[in-house]
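Below is one structure, written out as structure tokens, with a few remarks after it.
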Amino acid sequence: MNTTRVYGFSFTRVYAMALRYLYLLRRSPMRIIELIYWPFMNLAVWGFITAYLRSNTFGITQAAGLFLGAVVLWEILIRSNLGMTVAFVEEFFSRNLGHLFISPLRPHELLVGCVVTSLVRTIVSLLPAILGLVPLFGYSIFDLGAPLIAFYLILSMFGWAFGMFIMAILIRWGLAAEAFAWAAMFAIMPIAGVYYPIAALPDWLQPVAWALPSAYVFEGMRAIVLEGVVRSDYLWRGLALDGVYLALGIAIFQWTFHIARKRGLLLNAN
Amino acid sequence: MDQVPALEARGLTKHFDQVPAVNEISFAVPQGSIVALLGGNGAGKTTTISMLLGLLLPTSGTARVLGHDMATERFKALPVMNFSSPYVDLPGELTVTENLKVYGRLYGVPALTARIEELAALLQLNDVLKRRVRELSAGQKTRVALAKALINAPKVLILDEPTASLDPDTGDWVRGVLSEYALSSQATIFFASHNMLEVERMCDDILMMKAGKIHDRGAPKDLIQKYGRASLEEVFLHIARGEAAA
């Protein structure tokens, strides 16, 4: 069989999985509309709030940068995570998991396929809203400069790692955990430092917040907007934490997959 | 040198919460044969098939496909085997061609477009290639599932009730295609079925399961003769109801 293999990894199989989800996206205009709809609405609401704050001179001159930057970055995190878990939930709905798991597709290739899908879905989902902010509210996230690339990477990788954890839960509990798949990432919002600094949290909660890669992105963004300083130390810490979370996500997924094979959970996955 | 069996179970056992679903079964299926796994509900057929597919880890014993232990080295066997079941669907939102392209790539099929054309001709799918799977009739879906199962020209094909929910005509046609495939490609077909006529017509050999064990084994005619019955269905009922062999 002609596959591009690197140590038990096939790019052809990863491509096949990405293709499977992209076919689905292409076949369903409603899915594309829904993808674009929520980020656009969220950014529009925050855009009007910041416009109001500016026009009423509450003394928050950088309000647009702070709030809209935070919303865009938060959306990157959420969309990266949902892009991955929604792809996996689709397999439950289409009762297709049995076919996938008896094909030569390896669990880590399934994960990479979902990551590729998440990348595409995040871009399709966010780009129109991000570009729309420029004419509507005179705000461009690209003003953050080169650190935006690092912010994007840190948040996406965290979203994927969290997605792997959710996928493991779906394998264990099936569609009974579907609601969790949609909502889990929002659970970290209060401590992620999205709209307020980590210092605003109670002392005992701050170490928990700093243990999340997202904290370094939002604090890093505030440092750029409020002080004009790029905190490269934050970026490195965020990336290092991502490495830990990704390793954990992969390990938990693989372990759950093994447990599922032992207990026969894959038989009931449909 | 003897050929390695297409499928082999040795002391294969699976317990769920200490309850045995499959209890120390051993059998070998030679390459190129068509073998049916029969048994009533709860006999252990699905559990056995799941272990042969590598979806389920045995409590003890081994399940091998073409000599590969499916618990530890299933990725060596999976590219040359395939599976179909009416209880596992293909993504309904994708067209038939899209589904076959995805699975063709997953199995690393060379010259995929030509293979899809070949299967479309064989399984009379040309008219539905561009239609979404969810829009198809049960018979058409079965043919698409069969195309997916044959996409990699498998040496070992495992089927779970291949003609369930099909009308007699379509069921007969599917049996013809499968028999022809096994004959022309020297492939092994191993399937679970409740359709005794199907089993009688297609199989070289039958494994009768009951309460997690292989109760008996033999060619359809031999089993009918052994139990002194008129048909395989009567043999099945005889065994399922716990009566002794004649």
- request: Compute, for B:His68, the solvent-accessible surface of its heavy atoms (probe 1.4 Å) with the complete set of protein chains present, and express it in square angstrom to the nearest 10.
  value: 50 Å²
Under the Debye formula (equal points on every Cα, no solvent term), log10 I(q)/I(0) of the range B:1-45 at q = 0.15, 0.23, 0.27, 0.30 Å⁻¹: -0.49, -0.90, -1.04, -1.12
Tail weight of P(r) past 30 Å, computed on alpha-carbon pairs of the protein assembly as shown, percent: 55 percent
field: Highest-fluctuation residue, B:Gln186, B:Gln140, B:Gln18 considered, GNM on chain B with Cα pairs under 10 Å
entry: B:Gln18
statement: Over chain B, the quotient of the Cα radius of gyration and 2.2 N^0.38 Å is 1.02
query: Per residue of chain A, what 222 nm ellipticity follows from adding -39500 (n - 2.57) for every DSSP H run with n ≥ 4, rounded to the nearest 500?
result: -23500 deg cm²/dmol
message: Restricting to DSSP H runs of at least four residues, report the calculated mean residue ellipticity at 222 nm for chain B, -39500 (n - 2.57) per run over all residues, nearest 500 deg cm²/dmol.
response: -10500 deg cm²/dmol
- line: Dimensionless Rg/Rh of the range B:187-246, both radii on Cα and Rh by Kirkwood, sits at 0.93
- line: With a ≥ b ≥ c from the Cα gyration tensor eigenvalues, square-rooted, and the rule rounded for a/c under 1.5, otherwise prolate when a/b > b/c and oblate otherwise, chain A is prolate
- prompt: Can you work out the base-10 log of I(q)/I(0) for the range A:176-270 at q = 0.20 1/Å, using the Debye formula on its C-alpha atoms alone?
  reply: -1.03
- prompt: Which one of B:Lys226, B:Lys210, B:Lys141 has the biggest mean-square fluctuation once chain B is modelled by GNM with Cα springs under 10 Å?
  reply: B:Lys226
- line: Expected vector for the range A:158-167, Karplus 3J(HN,Hα) from phi with 6.51, -1.76, 1.60 and θ = phi - 60°, integer Hz, x for Gly and Pro, equals 5, x, 5, 4, 5, x, 5, 5, 5, 4
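Would you mind checking the pairs A:Lys262/B:Lys141; B:Lys45/B:Lys226; B:Lys14/B:Lys76; A:Lys262/B:Lys210 and listing those with alpha carbons more than 26 angstrom apart?
A:Lys262/B:Lys141, as the Cα separations exceed 26 Å there.
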task: Among A:Gly138, A:Gly249, A:Gly83, determine the one that fluctuates most according to a GNM of chain A built with springs between C-alpha atoms less than 10 Å apart.
output: A:Gly138
field: Cut-off under 5 Å, modelled amide H: who pairs with A:Gly264 long-range
entry: B:Leu57
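The values are calculated or read from the model by the stated rules, or taken from the named source; none is laboratory data. Everything numeric in this text was worked out from a predicted model, so none of it was measured. When the accessible area is computed, the model is the full protein with side chains, heavy atoms only, and any ligands, DNA or RNA have been set aside. Shrake-Rupley method; radii C 1.70, N 1.55, O 1.52, S 1.80 Å.
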